[in-house]
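Below is one structure; the comments refer to it alone.
The values are calculated or read from the model by the stated rules, or taken from the named source; none is laboratory data. These numbers come from a predicted model, not from an experiment. Quick reminder, even Gly has a Cβ in these numbers, built from the backbone with ideal geometry, and neighbours come from all protein chains shown.
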Amino acid sequence: MSMFEAKSVVRRFGEIAAVDNLDLRIGPGQLFCLLGANGAGKTTTINLFLGFLTPSTGEIKVGGIDPAADPRAARKQLAYIPENVAIYPQLSGVENVDLFCRMGGTQLNDEEIVALLTRAGLATDHAKRPVGGYSKGMRQKVGLAIAYARRSKGLLLDEPLSGLDPQAANEFCTELKSICDSGAAVLMTTHDLFRAKQLGGTIGIMRAGRLVETLRSQDLDAHELERLYLHHMSAPRKDASERRS
Amino acid sequence: MTRLALSLELKSWIRDRRLLALIGALVTTLIVITAWATASDIGQREAQQAAAEQARSQWEGRGAANPHGMAHFGDFAFRPTGPLARLDYGVQARLGKVLYMEGHRQNVPLHDDATRAGPLARFSRLDAAFLLQVFVPLMLVFLGATGLAADRQSGRLKLALVQGISARAVLFGHVLALWTLALLLLIVVIATSMITAATLGTDAIPSPGRLAAFSFFYGLFFWVVSGGVVAASVWLRSARAALLALLVIWVAATALLPRVSSGLADAVHPLPSQDAFSAAMQASRADGPDGHNPEDAELDRLRQAMLDEHEVKNVEDLPFNFDGLAMQVDEEFGNQVWDEHFGELRSTLYSQLNLVGLIALLNPFQSIDHLSMAVAGTDLAHDMAFQQQAERYRRGLVEALNREHAYGGSKTGDWSWEAGSEFFAALPQFQYAAPHVELSFRSRALEILGLGLWALLMMMMIRHGADRIETGTLLC
C-alpha cells in the first residue's frame, strides 16, 4: 500500500486550480522530491496530505486514510517540517522538542532529546538556550529533531533545507536517506536541484499546479536536471481558461 | 493535552519579562486599590458606627419626655454594608447613607457621596470591582488576542496539530490560561481585602454564601471574556483584526451600552423627580386626617365615636389620651400614602431594572456589574430593602410612642405629660438585617441567565472554531 496517494486531485482557490489533476503514489522506502517555482502548488500538495486542505475533486490517502475525513488519524502517521520552523521562542531547543513530542504522546528524557538535536546538527551548548536567540537554520534543526522523534512512516518536508548551512544540509540529506532506507515514505518540496539529485529518489517537476515531469534521479545528471527544469519553467504559460479543468 | 497547552501558555508568559512586568503592575495596582478601598470603607463604617452610637445615646439621654415629642425628635437608621461592599461600592455613591426617621413623615436617605463630591461625582469611586470588570478583561484582550493569532500566523499551531494535539486542546488551553490568570487576580483582590480588614481589626470574612456567589459569578464572567478573546482570535484570523474588534467591543460593552441601556430604561419607565415625588405625597396626605389639627373633620368623627363608646361628653374624660390615638390615625393614613407612592416608585424602579437586565443579556459586562453589586449588597434592591426595613422600624417606633401617649396615663390635651427615660431606653434600636443572598439571585435572574448563555456560546464558538482549524479552514 502506498503511504502517500493522490488520484486525479484538483484543488481550486476560486477559479484558480492550485493543484491540477495530480496523480502521485509514494510507497514505503520511497523518496519523492517535488521541484517547482513559487506558486507551483508544492505547499498546497503538502497541505492536502496534511489534511489542512481538502481536494476540490479527486482523492487523497495517507496510509490508506483520507485526511479530509479524519485529519488527526492521517497526521498520526506523519512527521512534518515546514519551510520556516516556528517554535516557542521563550523555550529552549530541548524544551521545544520535549513539548512537541508530548503533543504527540511521546515522552523523552533530556539525554534522548539532546541526542536528537545533535543528530539534527544542533550543537549541544545551544540546545538549552532559549530558541528566541536561534538563527533560522538552528530553528530548522530543532524542527528536524522534532521530526526525527516522531519515527513516522511518512515524512512531509516543505523546503526543509531552507536556511540550513551546506554542512547541515548535507548531514540532513544523509539522515533522510537512512530514514528512507528504514522504510519511511518521504515527500519533499525544494528549490534545490542539487540536493534533489543528491537524495537519489524520484523527482517531480510541478508547474502551475500540474505535475509536468516525473523522472528518476539516477537517469540524468545534475546539469540535465537543471536544463529540464529550466525548460519547463520557461515554457509558455497556459492561460487561466486552459488551467481550469 | 489541554493541560499541556495550558502549562505551555503559562510558561511562555512567565518567561516573557515585559508581560511579567505588565501583570506585576496590574497585581500591584489591584492590591493598592483594594487595600485603600477596604481601609476607606472601614473608616467610613467606623464613623457611621460612632454616629449611630451617638444618636442612640442622645435618644436615651433625653431622659423623661413626651412620647409624641420623641416622635418628632426622631431616630436615625444608618445603611450598613457587608465585607464585600469593600470590593464593590456599587450604587452607594448615589444613595444616601443615613435615614432620619420621625413621626408623620417618611424621609429619604441623606448624605450621599455624589452630592458631597459635587462635579467630581462624574467620576465614580475607584474600587476593585471596577478593575475586575474593566481592566482585567482589557489585559486578557491584549494577552489573548495576540497569542493564538501569533501561533497561527507563524505556523506553530500547524506544527503542533501535526504532532497530534487537537485544536480543541490548544484553544481550550489558551482559554484556561487566560481564565487562570483572571482567577488569580480575583483571589488576590479578595485576599487583599480580607487581610486589610483583619489588620485593621474589623470583620474580614464575608458570608460563605455571598463569597461563593461573588467568586462564581466573576469566574463565569472571566470564562466568557477568556472564551470571547480566544474565539475572536480564531474567527478573525489576524492578531490585528482580533485586537481591534475586541477593543471596539470592550469600549462598547464597558462605556457605551450601559449608558444607552440606562437612558432607554429611563425613557421607557420614567421616574418622578424627588420634588415631584414629595409634592405628590404631600398632596395625597392633605386629603387625610391631620393629627395636629383639632378641627380636622375625620378626627372629629372619630372623637365623637370615642365619646359615644365611652359615654362621656368631653375628651378629657376619656380613659385614654385621644391625642395619641389621633396621632396614630394620622400616622396610619400617612403609611398608606407612602405605601402607595413608594410602591409605584419601587414598581417603576423594578421595571427599569428588569429592562436593564434584559439588555444585559446582550452584554456580559453589564451582567457582571449588576451581579457583583447584588452579591456585594450595594445595589438598588439592597437599598430598597434597607428603606423598607427602616420604614417598618419607624412605623413600629412611632406606633409604640403613640400608644404610650394614648395609654401611658396621660389625659387628652396634656402635652406636658412625660414618659420615663426607661420607656425610651427599652425601645429597640434599628438593626439592619441584610437580605439573604437568594434576593440577589431572584432580582438578577436575567443577568445569571445571560452570563450562562454567553459562557455556553463561547464554548460552542471555540469548539466549532477548533473543528474548522483542524480541517485547515481557519488555519491557513
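Some observations on this one:
- Considering only residues in segment A:53-69 that are surrounded by fewer than 19 Cβ atoms within 10 Å (Cβ to Cβ) and within 11 Å of chain B (Cβ to nearest Cβ), the one that is farthest from A:F13 (Cα to Cα) turns out to be A:A69.
- Some residue of segment B:274-281 being of a type outside the set (D, E), loosely packed, with under 14 Cβ neighbours inside 10 Å and touching a residue at least 24 places away in the same chain (Cβ under 8 Å): yes
- Listing of helices (runs of 4 or more DSSP H) fully contained in segment B:155-259 that carry 1 or more residues being modelled with pLDDT of 90 or more and touching a strand residue (DSSP E or B) at 6+ places or on another chain (Cβ under 6 Å): B:156-163
- When each of A:L50, A:L31, A:L24, A:L35 is tested for being within 14 Å of chain B (Cβ to nearest Cβ) and either in contact with a Phe, Trp or Tyr (Cβ under 8 Å, 6 or more places away or on another chain) or crowded, with 24+ Cβ neighbours inside 10 Å (or both), the lone residue that passes is A:L50.
- Against the test of being closer than 30 Å to B:P206 by Cα and surrounded by fewer than 18 Cβ atoms within 10 Å (Cβ to Cβ), the options B:A25, B:A85 yield a single qualifying residue, B:A25.
- Selection over segment A:85-136 of residues that are β-branched (V, I, T), within 28 Å of B:L148 (Cβ to Cβ) and either buried (at least 18 other Cβ atoms within 10 Å of the Cβ) or touching a Leu at 6+ places or on another chain (Cβ under 8 Å) (or both) gives a count of 6.
- Pairs, first over 29 Å from B:A253 (Cβ atoms) in segment B:423-451, second of a type in the set (V, I, T), C-beta under 9 Å, six or more apart: B:A434/B:T81
- Residue, nearest to the other protein chains (Cβ to nearest Cβ), within segment B:453-476, restricted to residues that are more than 19 Å from B:A145 (Cβ to Cβ) and over 38 Å from the mean Cα position of the chain (by Cα): B:G472
- Selection from segment A:121-171 of residues that are under 23 Å from A:S2 (Cα atoms) and of a type in the set (S, T, N, Q): A:S152
- Only one entry of B:Q58, B:Q92 meets the criterion of being of a type outside the set (A, V, I, L, M) and closer than 16 Å to B:F386 by Cβ, and that entry is B:Q92.
- Reported count of residues in segment B:422-442, each being of a type in the set (S, T, N, Q) and surrounded by 19 or more Cβ atoms within 10 Å (Cβ to Cβ), is 1.
- Residue in segment B:284-303 that is within 30 Å of B:Q366 (Cβ to Cβ), within 36 Å of the chain's Cα centre (by Cα), part of a helix (DSSP H, G or I) and at pLDDT 85 or above present: no
- Segment A:150-169: number of residues that are of a type in the set (G, A, S) and modelled with pLDDT of 90 or more: 1
Residue-wise test of (1) among the acidic types (D, E); (2) farther than 15 Å from B:A265 by Cα; (3) surrounded by fewer than 20 Cβ atoms within 10 Å (Cβ to Cβ); (4) in contact with a helix residue (DSSP H, G or I) (Cβ under 6 Å, 6 or more places away or on another chain).
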site	(1), (2), (3), (4)
B:N314	no, yes, yes, no
B:G324	no, yes, no, yes
B:F333	no, yes, yes, no
B:L355	no, no, yes, yes
B:D383	yes, yes, no, no
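- Qualifying residue in segment B:5-14 (condition: among the charged types (D, E, K, R), out of contact with any Asp or Glu (no Cβ under 8 Å at 6 or more places or on another chain) and crowded, with 18+ Cβ neighbours inside 10 Å): yes
- Residues of segment A:1-37 satisfying the condition of being touching a residue at least 60 places away in the same chain (Cβ under 8 Å) and part of a loop (DSSP other than H, G, I, E, B): A:M1, A:S2, A:M3, A:E15, A:G27, A:P28, A:G29, A:Q30, A:A37
Residue by residue, here is whether (1) modelled with pLDDT of 90 or more; (2) closer than 28 Å to B:P80 by Cβ; (3) assigned to a helix (DSSP H, G or I) holds:
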{"residue": "B:S440", "(1), (2), (3)": "no, yes, yes"}
{"residue": "B:G450", "(1), (2), (3)": "yes, no, yes"}
{"residue": "B:W454", "(1), (2), (3)": "yes, no, yes"}
{"residue": "B:I469", "(1), (2), (3)": "no, no, yes"}
{"residue": "B:G472", "(1), (2), (3)": "no, no, no"}
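- Only one entry of B:G164, B:G219, B:G201 meets the criterion of being surrounded by fewer than 24 Cβ atoms within 10 Å (Cβ to Cβ) and within 14 Å of another protein chain (Cβ to nearest Cβ), and that entry is B:G164.
- Out of B:A419, B:A406, B:A445, sole residue that is over 27 Å from A:R72 (Cα atoms) and surrounded by fewer than 18 Cβ atoms within 10 Å (Cβ to Cβ): B:A445
- Verdict on B:S284 being in contact with a Phe, Trp or Tyr (Cβ under 6 Å, 6 or more places away or on another chain) and either in contact (Cβ under 8 Å) with a residue 40 or more places away in the chain or surrounded by 14 or more Cβ atoms within 10 Å (Cβ to Cβ) (or both): no
- Summed over segment A:145-194, residues that are surrounded by 22 or more Cβ atoms within 10 Å (Cβ to Cβ) and of a type in the set (F, W, Y) total 1.
- Selection status of B:L132, buried (at least 22 other Cβ atoms within 10 Å of the Cβ), within 14 Å of another protein chain (Cβ to nearest Cβ) and part of a helix (DSSP H, G or I): no
- Filtering segment A:55-77 to residues that are hydrophobic (A, V, I, L, M, F, W, C) and either under 22 Å from A:T106 (Cα atoms) or part of a strand (DSSP E or B) (or both) leaves A:I60, A:V62, A:I65, A:A73, A:A74.
- Matching residues, segment B:71-108, being among the small types (G, A, S) and free of Cβ contacts under 8 Å to residues at least 40 places away in the same chain: B:G74, B:A93, B:G96
- Within segment A:176-233, the set of residues being of a type in the set (A, V, I, L, M, F, W, C), at pLDDT 85 or above and not in a helix (DSSP H, G or I) comprises A:A184, A:A185, A:V186, A:L187, A:M188, A:I203, A:I205, A:M206, A:A208, A:L211, A:V212, A:L215.
- When A:R72 is tested against the conditions (1) buried (at least 19 other Cβ atoms within 10 Å of the Cβ); (2) in contact with a Ser or Thr (Cβ under 9 Å, 6 or more places away or on another chain); (3) among the charged types (D, E, K, R); (4) within 14 Å of chain B (Cβ to nearest Cβ), the lone failure is (1).
- Apart from one condition, B:Q106 fits all of (1) of a type outside the set (S, T, Y); (2) within 30 Å of B:G144 (Cα to Cα); (3) surrounded by 18 or more Cβ atoms within 10 Å (Cβ to Cβ); the exception is (2).
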